[in-house]
Amino acid sequence: MEKKNKNFKGVKELKGISYQEITNKNAVEKLKQKRQIKRTVDELFKGITSGDTTSLSQGITLIESTKTEDRVLSNKLIEQCLSIEATKSIRVGITGVPGVGKSTFIEAIGRTLAKKGNKIAVLAVDPSSSKSKGSILGDKTRMTELVRASNVFIRPTASGKTLGGVGQYTREAIILCEAAGYDRILVETVGVGQGETAVYEMVDFFLLLKLAGAGDELQGIKRGIIEMADAILINKADGSNKDAAKLAMSAFRSALHLYAANTSGWSPKVMLCSALDHTGIDETWAMIEAYVKFTSTNGYFQKKREDQNVHWMMQTIKNQLNIEFFQYSKTKKFIKQQIELVKENKVSPFVAAQAVLRQHKSSL
Ligand code: GDP
């Protein structure tokens, strides 16, 4: 009986639910969510711009909703957030294989930024976890200090198949965070799938975290990522790992010379840091600020943001066309027929593809 009362305590307001449901934590949470009064877009906008983090979280949840009616509302919310003159932000993408120290680094650099009086938003893109709503930040127990800080907002955003492609929700969450006054946006991604390209397309500065001493510093790295990186940071340059880290730094510096110059005019930097010991962290931020100054002066900073907006627009169109094309029943049927012919070697794959495209066009 004692236990029963304890369980009822705190959820008294949830009338009309069975005891079994109340003792089931998930059921209680679901009910609470269901009964939450839906706030209007105007209310959300007001809350977001006045710094209310609950409104910001609810706004991001609205963005992530796949319901058509919610999409209409979230588009309205985004439009409102875009209309205000947001504080000048710096968006930084952070990538690297699991275990390289991304969370520890974000915690460390977050501390540096919080000390400077910045408002920090930490978001994530994880293309591998369409269901778990971004598993990277799912377990953020490691960012213990940052989680507690009042000027920090940490939020995984759902990934998966969206109209805009991988990263759409995170891209839109940035807009909301900036409207809420967050001026330092850190976007984390794991070194797999399309996450990196997606993050690269939404940030001003792209940072690659690496480890030394693995023996394959240069071989084990995808060329594309090196080309995207504005800086490579060799993490865990501490203790007995220091010398190996220095060697890796030299190797990366020489290797970078082999790559074509960056269109920004900025030469990618290679630096050492220890997220654990908090060394090289302030220097890393100083380098990012130097980059922002450099690219703001030569006009690249603004141009990149404009190009990124166009990229997301084109990406959304392509994805929508893709979905419509393959869902069109007549086309679907015709594709099946052509696949059989290709398998039997009766038509070439290219001729078959052209036939499909022609057929689709004529049946519209
Ligand atoms: P993530 O998977 O990339 O987010 O990596 P984590 O931040 O979770 O770090 C993985 C492990 O490496 C943890 O045990 C950290 O304590 C450790 N670690 C992270 N940064 C450093 C560092 O600078 N030096 C050392 N020695 N260990 C670190």
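The values are calculated or read from the model by the stated rules, or taken from the named source; none is laboratory data. Given the structure is predicted, the values throughout are model-derived calculations rather than measurements. Here the Cβ positions follow ideal geometry from the backbone for every residue, glycine too, while neighbour counts run over all protein chains shown. The area values use the complete protein model at the heavy-atom level, side chains included, leaving out ligands, DNA and RNA. Shrake-Rupley method; radii C 1.70, N 1.55, O 1.52, S 1.80 Å.
Here are the numbers:
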quantity	calculated
Count - residues of region 165-196 that are among the β-branched types (Val, Ile, Thr), farther than 22 Å from residue 146 by Cβ and buried (at least 23 other Cβ atoms within 10 Å of the Cβ)	1
Candidates 250, 240, filtered to the one that is exposed (fewer than 15 other Cβ atoms within 10 Å of the Cβ), among the hydroxyl-bearing types (Ser, Thr, Tyr) and within 16 Å of the ligand (Cβ to nearest atom)	240
Scan of region 75-111 for residues that are among the β-branched types (Val, Ile, Thr) and closer than 21 Å to residue 181 by Cβ, ordered by number	78, 84, 87, 90, 92, 106, 109
Which numbered condition residue 280 fails, given (1) open to solvent by 40 Å² or more (accessible area, probe 1.4 Å); (2) touching a residue at least 40 places away in the same chain (Cβ under 8 Å)	(1)
Sole residue being out of contact with any Asp or Glu (no Cβ under 8 Å at 6 or more places or on another chain) and more than 16 Å from the ligand (Cβ to nearest atom), chosen from 339, 281	339
Selection from region 319-338 of residues that are surrounded by 15 or more Cβ atoms within 10 Å (Cβ to Cβ) and either closer than 15 Å to residue 353 by Cβ or of a type in the set (D, E, K, R) (or both)	331, 334, 335, 338
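So that you can scan it fast, the table gives a plain yes or no per residue for (1) buried (at least 16 other Cβ atoms within 10 Å of the Cβ); (2) of a type in the set (A, V, I, L, M); (3) within 20 Å of the chain's Cα centre (by Cα):
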| residue | (1), (2), (3) |
| --- | --- |
| 60 | yes, yes, yes |
| 71 | no, no, yes |
| 74 | yes, no, yes |
| 94 | yes, yes, yes |
| 99 | no, no, yes |
